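What follows is a short report on a single structure.
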Amino acid sequence: MSYSDKLLDHYDNPRNVGSLDKADDNVGTGLVGAPACGDVMKLQIRVNDDGVIEDAKFKTFGCGSAIASSSLVTEWVKGKSVDEAETIKNTEIAAHLALPPVKIHCSVLAEDAIKAAIADYRNKVDRTTE
Amino acid sequence: MATIDNTSRSQGTGASGSRPCWSCNEEVNLRSPFCHLCGVIQPPLPSDHFVRLGLPRNYDLSDDNLERQYFGFQRTYHPDRFAQKPPREQAISMEYAANINDAYNTLRNPLLRAEYMLRLQGIEVAGGDGDTVADPELLMEVMELNELIVGANTIDQMTSLRERINAEVAASEIALGVVFAENDFDRAANVALRLRYMTRLSEQAQQSAGSLPGNRKN
């Protein structure tokens, strides 16, 4: 099985590894896992007052494809509005990284992670505006 | 030999009723893998791993019992015993032998056994291919343990971490025995998921321990 250059690049030089302050009201945290392979992925976004994602971080324990997928997503969502970021599809991630069929589930994980982070952020907004 | 045949005759298939022997046409009890008239081996019927090994469908099973049943059935169906028989009988015996190996390999592994028992109930442990789970408590714990594995850089740290993870594995196995005994399959699915992650962490910790400087195998 040969991996694409883009995938290897994200794997060798993952972007935006790290954590944001979970307690911050502007930070949304998504934590998802793929038990089939034991992967666990944490993806966080910080949203500014204009509803734009100004920072994104991830921490993934899993295979190279899972790491590359989450790295790519953090890169993609930065500078996007929350609504735009929500439309990211796993198929786009898989296509960009040229994931082999057995690794498609890693891109699903990344899509679920960003969705979960956005949902967490929205929950916080709802709570503070109530 | 007589004992083994008795075991296999009473526990071979778990079905009731009869079918004609493919060799002599005599009606043969479905529970019997051999024709009582001509002694020829009958094709295996759809069954489950517990029935194949003549074991009750319980999560808790003793290793001794499992081994004894497995080796007993292996002797009964070993292809060597059919080496002088016609090809069809050889093929059937090989099918039995393969089924028994499959049953043994599934049931002796605590995680595979749990997942298999859930599958018999029509429950697929979350995270079959492509599924993701969002159980924050479990995932936080898994994340934290992963970080500790990556961060452990002395043998002592790694040893105590491995003890902690292995204790989680053992606790999950005990819990599975309890919830399966209560037929609480929803909880069993949750615990099985936890066991899956903990087993995986245990493997990772073992791997990392092997790459520590001055490592010793244990």
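The values are calculated or read from the model by the stated rules, or taken from the named source; none is laboratory data. In this text, all values refer to a predicted model and were calculated from it rather than measured experimentally. Cβ placement follows ideal geometry from the backbone for every residue including glycine, while neighbour counts extend to all protein chains displayed.
Can you pull out the residues in the range A:37-75 that are over 29 Å from B:I149 (Cβ atoms) and of a type in the set (F, W, Y)?
If we filter the range A:37-75 for residues that are over 29 Å from B:I149 (Cβ atoms), which is where we start, we get A:47-54.
Those that are over 29 Å from B:I149 (Cβ atoms) and of a type in the set (F, W, Y): none in the range A:37-75.
Can you tell me which residue in the range A:31-70 is nearest to the chain's Cα centre (by Cα), limited to those that are of a type in the set (G, A, S) and crowded, with 24+ Cβ neighbours inside 10 Å?
A:S70
Quick check on B:R164: is it part of a helix (DSSP H, G or I) and not assigned by TED's automatic domain parsing to the domain that holds B:V178?
Spelling it out, it is not the case that B:R164 is part of a helix (DSSP H, G or I) and not assigned by TED's automatic domain parsing to the domain that holds B:V178.
Could you list, in sequence order, the residues of the range A:32-56 that are within 13 Å of chain B (Cβ to nearest Cβ) and not small (G, A, S)?
A:V32, A:P35, A:C37, A:D39, A:V40, A:M41, A:K42, A:L43, A:Q44, listed by residue number.
Name the helices (runs of 4 or more DSSP H) wholly inside the range B:46-107 in which the number of residues that are assigned by TED's automatic domain parsing to the domain that holds B:F185 and more than 19 Å from the chain's Cα centre (by Cα) is 1 or more.
none
For the range B:156-167, name all the residues that are crowded, with 19+ Cβ neighbours inside 10 Å and either more than 13 Å from B:S202 (Cα to Cα) or facing chain A (nearest Cβ under 8 Å) (or both).
None - no residue of the range B:156-167 is crowded, with 19+ Cβ neighbours inside 10 Å and either more than 13 Å from B:S202 (Cα to Cα) or facing chain A (nearest Cβ under 8 Å) (or both), so the list stays empty.
Which condition does B:N153 not pass, out of (1) away from chain A (no Cβ under 14 Å); (2) under 20 Å from the mean Cα position of the chain (by Cα); (3) touching a residue at least 24 places away in the same chain (Cβ under 8 Å); (4) outside any helix (DSSP H, G or I), if it passes all the others?
(2)
So B:L138 clears everything in (1) within 14 Å of chain A (Cβ to nearest Cβ); (2) not in a helix (DSSP H, G or I); (3) not acidic (D, E) except one condition, right? Which one?
Going through the list (1) within 14 Å of chain A (Cβ to nearest Cβ); (2) not in a helix (DSSP H, G or I); (3) not acidic (D, E), B:L138 breaks only (2).
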